[in-house]
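The values are calculated or read from the model by the stated rules, or taken from the named source; none is laboratory data. Just so it is clear, the structure is predicted and the values come from calculations on it, not from any experiment. All Cβ positions, glycine included, derive from the backbone under ideal geometry; neighbour counts span all protein chains shown. We work out accessible area using only protein heavy atoms, side chains counted, and drop any ligands, DNA or RNA first. Shrake-Rupley method; radii C 1.70, N 1.55, O 1.52, S 1.80 Å.
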Amino acid sequence: MDDPLGIPADISLLGEANPNVRTATAIVNGHVITGTDIDQRVALVISASNNQLSEEDLARLRMQVLRNLIDETLQIQAARSQEIEVTQAEVTDRYNTLAVQNFGQEAGAMDEYLISIGSSPASLKRQIEGELAWSNLLRRNIAPFVNVSEEEVNELLKRMEESRGTEEFRLAEIFLAATPENRNAVLENGQQIMQQLRQGGSFQGYARQFSQASTAATGGDLGWLRLAQLRSTQLEAIVNEMQPGQLVGPVEIPGGFWIVYLVDKRQVLMADPRDAVLSLKQISISFEPGITEELAAQQVQAFSTGVQNMRGCGDADAVAGSLGASVVTNDQIRARSLPEQLQNIVLNLQVGQPTPPFGSIEEGVRVLMLCGRDDPEVVGGPSFDDMMNQLEDERVNKRAQRYLRDLRNDAYIDYN
């Protein structure tokens, strides 16, 4: 393919070969982004990753944070230029909501936490201001001009009904915008994010800090989708092969790179068996400290035999007492709250049947006996309004990406 820019294949560099080697501060249309601004935002990302970063990774992270701060500044400036102001009360309200979500109490605890990790309340409030300003701007200047017809919505709902029983997926995303000029740098950054996520980093935290999709404000949450709603055979094939808890990316798509996390999956317009409410008896034995494996194995065998001889839940307490076992009853436990290994086992039990024994010498050995089960009702599909909102959000997001690209192109940015 010919180079659209007409750049020769063999070039001689006349300046610094690495554009990222520079002081990571900038002036964006007159607004100064300081080193402290970057340090405090980097601290937020590092706290979400729970991992130590190498010097190289830290340098790369600082440059990505600088790019994010530049975009954030452009978004706030664009809103202010059109007299769309975010009040301090709005920022404080959102900040207090995050404090309750993360600490279960008022903002003071989050203030202390942010300072302890090297960030600050002001840094997070600035990020909140950017999110609110951009959201308000899109709501006023783009959303009213996005049209989704009733016919489109009805057609999508019809196809959903026709696909009853097929799978749908709860997805979270991180979108990294890229151009031909910065493609390799963005790809490398996406690979580093993937590495941090695989090492235990918070997907929500990274989505809020790095994603350039409208879902960034909600931690990347895309909600429940069918494959056809991804509108890409490439992405459909990728997601269709994923299992809950799996992470894939960065995948190159038009406009940039996509990192996707499969939160869960279920069948379209069908009740999810994992939402069944169970009545369970947990029957368990513990072992004396220092017990030998041989003696423990004998006790487990006696326990297992005794459980198998129980005549249902009504007999459990008496037999457990004779075995030296304890019984705990829970009448309101959802199947999905059980460890994944146990979910299918329990859901396939008949009332009065126990699971196989599980556990260890250190933790004790136990079984779960099913004493009752209330299956969930068949779920209804999304409403007309829900589907309309989803289609509108998709189109607003695409226009927002173009809008931000134009803001970057028109901005005066000086790097110090």
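Which value results when the Cα radius of gyration for the range 258-416 is divided by 2.2 N^0.38 Å? Here the answer is 1.72, to two decimals. Counting charges near residue 217 (Lys, Arg +1; Asp, Glu -1) among other residues having Cβ under 15 Å from its Cβ returns a value of -4. Evaluated with a Cβ-only charge set (Lys, Arg +1; Asp, Glu -1), the chain carries a dipole of roughly 80 debye about its Cα centre, given to the nearest 20.
Using a probe of 1.4 angstrom, how much of the accessible area of the range 144-239 is carbon and sulfur, in percent?
Reported share for carbon and sulfur atoms: 48 percent.
Charge dipole of the range 70-138 (Cα centre as origin; +1 on each Lys and Arg Cβ, -1 on each Asp and Glu Cβ, all else neutral): 80 debye, rounded to the nearest 20. The Cα center of the range 82-113 and the Cα center of the range 352-367 differ in position by 45 Å. Using Cβ point charges alone (K and R +1, D and E -1), the dipole size of the range 260-379 about the Cα centre works out to roughly 300 debye. If I take all pairs of Cα atoms in the chain, what percentage of them are more than 41 Å from each other? So the pairs more than 41 Å apart make up 34 percent of the total in the chain. Cross-link partners for residue 158 among the aspartates and glutamates, with Cα-Cα distance under 15 Å and sequence neighbours closer than 8 places in the same chain left out: 150, 385, 386.
Taking all protein chains together and rolling a 1.4 Å probe, residue 56 ends up with roughly 120 Å² accessible. Between the Cα long axis of helix 121-141 and the first principal axis of the chain there is an angle of about 70°, rounded to the nearest 10.
Inter-label distance, residue 275 to residue 141: 4.0 nm, where each label sits 7 Å from its Cα along the C-beta direction. In the full protein context, the range 350-416 carries 63 Å² of accessible surface per residue, based on a 1.4 Å probe and ignoring ligands, DNA and RNA.
Structural size metrics of the range 141-273, computed from C-alpha coordinates, are Rg and Dmax of 16.0, 49 Å. The portion of the accessible surface of the range 258-346 made up by carbon and sulfur, rounded to a whole percent, is 48 (1.4 Å probe; DNA, RNA and ligands excluded).
222 nm [θ] for the chain, helices only, -39500 (n - 2.57) per DSSP H run of 4+, per residue, to 500?
Mean residue ellipticity, 222 nm, calculated: -15000 deg cm²/dmol.
Ellipsoid fit via the Cα gyration tensor, the range 320-374: semi-axes of 19, 14, 10 Å, each the root of five times an eigenvalue, largest first. Per residue, the range 59-181 exposes 50 Å² of accessible surface when a 1.4 Å probe is rolled over the protein heavy atoms with every protein chain present.
Accessible area per residue for the range 195-342 is 51 Å², calculated with a 1.4 Å probe on protein heavy atoms, without ligands, DNA or RNA.
Taking 0.36 nm per residue of separation and subtracting the Cα-Cα distance, full extension of the segment from residue 199 to residue 409 would add 72.0 nm.
So, by mean Cβ neighbours within 10 angstrom, what's the order for 396-403, 89-96 with the highest one leading?
396-403, 89-96
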